[in-house]
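What follows is one structure encoded as structure tokens, with my remarks underneath.
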Amino acid sequence: MPFDVFTRRARTLAATAALAVGFGTTGALAADLTLYSGRGETLVAPIISAFTQETGINVNVRYGGTAELAILLQEEGDNSPADLYWAQDVTALGAVSDMFAALPQETLDKVDAVYRDNDGRWIGISGRSRLVIYSPERVAEDELPQTMAELTDERFSGRMALAPTNGSFVAHVNALRVAEGDEFTLEWLQGLAAIDPVIVRNNTAGYQAIADGEADIMLTNNYYLGRFLASDPDFPVAQATFADGDLGNLMMTAGIGVLATSDHSDEAVQFIDFLLGPVAQQYFTGNVYEFPVSGSGIVPVAGMGVTFDQAVAAAPDFDLNTLTDLEGTLELIREAGLI
């Protein structure tokens, strides 16, 4: 049932209180885990802390960009101190999947097959939809693009915000390579460069650029809007999907894997099981504004323009396991002059 901003904030406060005091600690810490997190500290630190409170297992976190950490893991190889790698997109997971141990089937069965690696080496933790955001004051509904390819149209010249180093954008470009080939993808990227996009450092900055009138439209993830609306119900940005089935509506997942070299694989799997449990899934839905991938009874956030059911209906049929070529995708983006 839809709930207003006051109720949403009350629910958030209640969830935060439950995370802070609802779990009994187990005394001395049972183990230390080292987590490489491509997910931002402000997003995931509360749920990591909740895991430690419940289990007594301490998690030492190295935060960084998703692609940056994937490259670091490749450089470190068997000498990596990491027990877990939590990425914001599946391209990075695929790039290092040969470094992961196979997860227990009981853990894999917590999510649908579309949200996990075919070989069981990584698993999705939360979902997000790719879509278009725009200024409803400066972009008419009949001006919105119906396809991802249409974003290079000259009518968006100087008006489109773009975060070319963002992990989800890189993964989306990788998906375009898989679906249409490198030649088409490079032409599309060059088309984006030709319309003089407003380059921003990340998706959050893109939303703010639209609100501030510095840009009018952007290809991005769905969940950021909820954060802005929680602080300002009149935040002047709207979101919409492309035509049903278009690749622009790609449904993606943030996911995690356990390094095969980990000395604490049991505790690492325990961490993953916690993230797929009801408390964490509600946290990702109600506080981070992403989509749940596990369990039932998770209360969604209303009023953001595109619901989970709408995002699923609009999503293309696409195998996320094909997104593995991180370096090749970054090279195409460089060749187009976007980074």
Those residues of segment 92-107 which are in a helix (DSSP H, G or I) and under 19 Å from the mean Cα position of the chain (by Cα) amount to Ala92, Leu93, Gly94, Ala95, Ser97
Of the listed residues (Val288, Val312, Val301), the one being crowded, with 20+ Cβ neighbours inside 10 Å and either within 18 Å of Ala179 (Cβ to Cβ) or out of contact with any Gly (no Cβ under 6 Å at 6 or more places or on another chain) (or both) is Val288
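Yes or no, residue by residue, for (1) surrounded by fewer than 21 Cβ atoms within 10 Å (Cβ to Cβ); (2) closer than 23 Å to Leu276 by Cβ:
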| site | (1), (2) |
| --- | --- |
| Gln105 | yes, yes |
| Arg121 | no, yes |
| Glu143 | yes, no |
| Gly167 | no, yes |
| Ala175 | no, no |
| Gln208 | yes, no |
| Gly213 | yes, no |
Among the residues of segment 193-251, the number that are among the β-branched types (Val, Ile, Thr) and assigned to a strand (DSSP E or B) is 4
Of Phe184, Phe271, Phe284, the only residue that is aromatic (Phe, Trp, Tyr), in the same structural domain as Thr52 (by TED's automatic domain parsing) and out of contact with any helix residue (DSSP H, G or I) (no Cβ under 7 Å at 6 or more places or on another chain) is Phe284
Every listed condition ((1) assigned by TED's automatic domain parsing to the domain that holds Val44; (2) among the β-branched types (Val, Ile, Thr); (3) in contact with a strand residue (DSSP E or B) (Cβ under 7 Å, 6 or more places away or on another chain)) holds for Thr241 save (1)
Scanning for something crowded, with 19+ Cβ neighbours inside 10 Å, within 22 Å of Val288 (Cα to Cα) and among the small types (Gly, Ala, Ser), does segment 46-57 turn up at least one residue? yes
ask   = Quick check: anything in segment 74-91 part of a helix (DSSP H, G or I), surrounded by 18 or more Cβ atoms within 10 Å (Cβ to Cβ) and on the phi < 0 side of the Ramachandran plot?
value = yes
Across segment 107-117, the tally of residues that are surrounded by fewer than 16 Cβ atoms within 10 Å (Cβ to Cβ) and modelled with pLDDT under 95 stands at 2
Of the residues in segment 108-137, those that are assigned to a loop (DSSP other than H, G, I, E, B), of a type outside the set (Asp, Glu) and either touching a Gly at 6+ places or on another chain (Cβ under 8 Å) or closer than 26 Å to Asn287 by Cα (or both) number 6
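The values are calculated or read from the model by the stated rules, or taken from the named source; none is laboratory data. Every value quoted in this text rests on a predicted model; they were computed, and no experiment measured them. Here the Cβ is made from the backbone with ideal geometry for all residues, glycine too, and neighbour counts use every protein chain on show.
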